[in-house]
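Engineer: One structure coming up, written as C-alpha cells, with questions to follow.
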Amino acid sequence: MHLKLLKAVLIFSLLFLTQINGYSPLKVTHVFSSHIFPPKENPKLSNVKAQEVNVYSSYSSEPAPMGIADYGVCPNGAYIVHKTQVLAKACINNLCVQTSSYTNCISAQLNVVLTYNYQGHQYSIWLQDVALIMLFNDTIKFIDNVWNMTSPKAGVGGIQGNGVICSSGGVTFYYYCANGYPGSPTTFSYPLHFCVLIKVGVNSLDEPVAYFCYNDGYGWVRYDKVTFLFPGSNNVSITINGCQYTGSGNFYDIEFVIGGPGGGSSATFNSGCVYLYLYYWNGQSFQEVKNAYNFGSDTAETSCNVIDCAYSQNGQYAAKLTPGSGSLGMLWSSNQVSASNIEIMHYYSTLTISEWSYKA
C-alpha cells in the first residue's frame, strides 16, 4: 500500500472517536471538529416570508462559503422548484491554503435542503455531502452530515443510517465518514477530479430517504442511506425556495462551496485554481443551474482571498476560483445564458441514476 495512504489511514484512525456501522445511530457527546459542518443560523430570519429573500443577509463579503449556489432568485424575481437529485463536480488543478485551524485542509461541500410533510407539518432537513481534502498529504475522503433546519436549535432524531447522532453546541446532528470505501480515503495527484451526489425519495412506507454518493475515480459509491422514520410522509423533495427562509433562519438553496475543514473554520487561498459545477435532475437529465451566485450561505465554513467568477467551456458553465481580492455576487442568470441539458459523463464512468458500483 502506498506510504501516503498508510499515513492517512493512521491519522484518520486516531481522529475517529466513534464509528458505528450498524443501522441504529448511537448518540454520543463529542466528535472531532473535521466531521462537523454546522449551519450558520440567523434566528431573526426564522420562517420569514418575502417576495424575495436577501441573499446577502448572512454573508455580504469574504470570508464566505465561496463556490456556486442557486437561491431561487433571478433578475425577474424569486421562484420555487422541487428536485430529487443534485450533482456537483469539482476539478482542482492545484491548491494551497492556510486555515484558521492551522491545518492545510479544505472541505468541498454539497449542501441541500430536504423538505417533507408529516402529519400536517413541514420539516426542513439540511443534507451535506462533503469531500474533506487534506492538502498536506494529498488525501481525500467523504463525510455526510444531517442537521434540522425546521426551527432554531432543532436537533435530529428518528433516523437510521450507517452513522451516529452527535451533539455540537447543544444541538444534535447526524454524521457518517466513508472510511474504508473505494476511493475514501485515498491519495490523489493533480488535477483532482471528483463528483458528489445527493438523491432523495421515499421507501415502501413513504418514509423520506436520502442517498449520499461520490465518485473520485473508483466508480460511483453510495456510502450512506439515511431513512427518516416518519411513515406516510409526502411532498418529499430537495427544495429551492427564494421566497422564504427556513425555520432556523437559513436558505432553501443548493450550494457547492469551499470552506475550512469543519467546525466553522475558514480557508485562505494562497495559490491554485478550482472549478466547481452544479446540476440538478430535471426528470430526464442533469441540468446546470440557471441562476448561480458565487457563494453559499447555509454553512459556517468559509473561504477568503478568493476571486470567484463565471467560466464557460464546451457549453458548460462553472465557478472558477483563484486567489485574490474577491467580492460576492451573481455568476450568471437565466437572462444571460440558456441552461443546457447535459448527460454528465464523468472522466471515468457515466453516472447511472438507480445503481452504483458500490453500495453501503
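Engineer: Between beta-carbons, use under 10 Å as the cut-off and find the net charge around Y116, counting Lys and Arg +1, Asp and Glu -1. Don't skip to the end; give the middle numbers.
Structural biologist: On the way: positive: none; negative: D206, E207.
Residues near Y116 contribute -2 overall.
Engineer: For a footprinting-style exposure proxy, rank Y223, Y59, Y190, Y175 by other Cβ within 10 Å, fewest first.
Structural biologist: Numbers: Y223 28, Y59 18, Y190 13, Y175 24.
Ascending number of Cβ neighbours within 10 Å: Y190, Y59, Y175, Y223.
Engineer: For the ranges 41-52, 109-120, 200-211, 285-296, what's the packing order if you count other beta-carbon atoms within 10 Å of each residue, average per peptide, and put the highest first?
Structural biologist: 285-296, 109-120, 200-211, 41-52
Engineer: Also, quick follow-up: Checking the a/c ratio against 1.5 first, then a/b against b/c, what shape does the Cα gyration tensor give for the stretch 82-129? Could the numbers behind the result be given before it?
Structural biologist: On the way: a/c = 7.47, a/b = 2.23, b/c = 3.36.
It comes out oblate by the Cα gyration axes.
Engineer: By how many nm would the segment from F136 to Q284 lengthen if fully extended, with 0.36 nm per residue of separation less the alpha-carbon distance?
Structural biologist: Difference between extended and current length: 49.2 nm.
Engineer: Let me check the size of the stretch 105-220 from its C-alpha atoms; what are the radius of gyration and Dmax in Å?
Structural biologist: Final numbers for Rg and Dmax: 15.5, 50 Å.
Engineer: For S107, what charge total do you get from the other residues with a beta carbon under 13 Å from its beta carbon, if Lys and Arg give +1 and Asp and Glu give -1? List each step's numbers first, then the result.
Structural biologist: Working: positive: K141; negative: D129, D144, E255, E301.
Summing Lys and Arg as +1 and Asp and Glu as -1 gives -3.
Engineer: Label point 7 Å out from S312 along Cα-to-Cβ: which residues of the stretch 266-281 have amide N under 17 Å?
Structural biologist: 276-278
Engineer: Using a Förster distance of 51 angstrom, determine the FRET efficiency expected from the C-beta separation of S189 and K44, and round it to 0.05. Write down the numbers at each step before the final one.
Structural biologist: Working: r = 46 Å, r/R0 = 0.90.
It comes out at approximately 0.65.
Bear in mind that the values in this text are calculations on the coordinates, not laboratory data. Note that the coordinates shown come from a computational prediction; the quantities given were computed from them, not determined experimentally. Don't worry about glycine lacking a Cβ; one is built from the backbone with ideal geometry, like all the others, and counts go over all protein chains shown.
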